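One structure is given here, and the rest of the page talks about it.
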Amino acid sequence: MSTKEILVARHGETQWNRMRKWQGFSDIPLNETGQLQARQLGISLTGEGIGKIYSSDLQRAYTTAKIVSEITQTGNVTTDSRLRERGLGKFEGLLSVEVARYFGMPDEQARTLETDELIIENGPDVEPWESFTRRVWSFLEEVALATEHDKILVVAHGGVLRTISYTLTHEGLGLPEYSNTQFIRLKVDEKKWKID
């Protein structure tokens, strides 16, 4: 297997991002800023030699991927539900401070919850972190083996980037908070994965 490069990007901004509401499976569209960010991402990736683009099937990711595809002239975007954000159950649509209060945390700790997602493992109807991680990696491993392209782009969600980072760095809590349209580069060679 030749070395492959997989760029994994977070979608552009939504109004819920701006309001600091939790999204999960909720299908929230990009706002105007998010569309502009997607265009800027496309411009920044022009000349990268991306052979294929995959996306979460949630519209905030798919719209970002479509805009990048048009700018980079990469062709059709393939969606896959395994790239969805972590399902956050009854917390979806709530502000971070409201989730913090649910756990009896002081308001000033609300931002901690946005990256220390393992804290919410016992939340109502929240997708278990292990299940979330398994579905994301099942997609990545399948694509790394199946695609004939040496470089692909995956447009997904902040939680997807965090679970990848968590798996490869074993940093535990305090994972990075990835901004809208930020991306990481993964290299895979002989089933060995690393963040480049």
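Residues in the range 3-47 that are small (Gly, Ala, Ser), touching a residue at least 24 places away in the same chain (Cβ under 8 Å) and part of a loop (DSSP other than H, G, I, E, B): 3 in all. Against the test of being more than 28 Å from ARG39 (Cα to Cα), in contact with a Lys or Arg (Cβ under 6 Å, 6 or more places away or on another chain) and acidic (Asp, Glu), the options GLU117, GLU108, GLU127 yield a single qualifying residue, GLU127.
SER165 falls short on exactly one of the conditions (1) touching a residue at least 40 places away in the same chain (Cβ under 8 Å); (2) surrounded by 13 or more Cβ atoms within 10 Å (Cβ to Cβ), and that condition is (1).
Can you find, within the range 8-47, the residue that is farthest from the chain's Cα centre (by Cα) among those that are of a type in the set (D, E, K, R) and surrounded by fewer than 19 Cβ atoms within 10 Å (Cβ to Cβ)? The qualifying residue farthest from the chain's Cα centre (by Cα) is GLU32. Against the conditions (1) among the hydrophobic types (A, V, I, L, M, F, W, C); (2) within 14 Å of the chain's Cα centre (by Cα); (3) part of a loop (DSSP other than H, G, I, E, B); (4) buried (at least 21 other Cβ atoms within 10 Å of the Cβ), ILE50 satisfies every one except (2). Considering the conditions (1) β-branched (Val, Ile, Thr); (2) surrounded by fewer than 20 Cβ atoms within 10 Å (Cβ to Cβ); (3) assigned to a helix (DSSP H, G or I), VAL160 is excluded by exactly one of them, (2). For the range 85-92, the criterion of being touching a Phe, Trp or Tyr at 6+ places or on another chain (Cβ under 7 Å) and surrounded by fewer than 17 Cβ atoms within 10 Å (Cβ to Cβ) is met by none of the residues. With respect to the conditions (1) under 16 Å from ILE152 (Cβ atoms); (2) of a type in the set (Ser, Thr, Tyr); (3) assigned to a loop (DSSP other than H, G, I, E, B), SER69 falls short on a single one, namely (3). Set side by side, the residues LEU118, LEU145, LEU140 differ, and just one is assigned to a helix (DSSP H, G or I), over 26 Å from ALA100 (Cα atoms) and at pLDDT below 90, which is LEU145.
All of (1) closer than 20 Å to ARG60 by Cα; (2) surrounded by fewer than 17 Cβ atoms within 10 Å (Cβ to Cβ) hold for MET105 with one exception: (1).
For the range 50-92, filtering for residues that are closer than 24 Å to ARG134 by Cβ and among the hydroxyl-bearing types (Ser, Thr, Tyr) leaves 7. In the range 99-114, the count of residues that are acidic (Asp, Glu), over 16 Å from the mean Cα position of the chain (by Cα) and modelled with pLDDT of 85 or more is zero. Test of understanding: among THR112, THR74, THR78, which residue is among the polar types (S, T, N, Q), surrounded by fewer than 17 Cβ atoms within 10 Å (Cβ to Cβ) and outside any helix (DSSP H, G or I)? Criteria check complete, one pass: THR78. Checking each residue in the range 144-196 for being closer than 24 Å to LEU30 by Cα and among the small types (Gly, Ala, Ser) picks out ALA156, GLY158, GLY159, SER179.
Being in contact with an Asp or Glu (Cβ under 6 Å, 6 or more places away or on another chain) and more than 28 Å from GLU130 (Cα to Cα) is true of GLY34.
The values are calculated or read from the model by the stated rules, or taken from the named source; none is laboratory data. On a predicted model such as this, the values are computed, not experimentally measured, just so you know. Every residue, glycine as well, gets a Cβ built from its backbone with ideal geometry; the counts of neighbours run over all protein chains shown.
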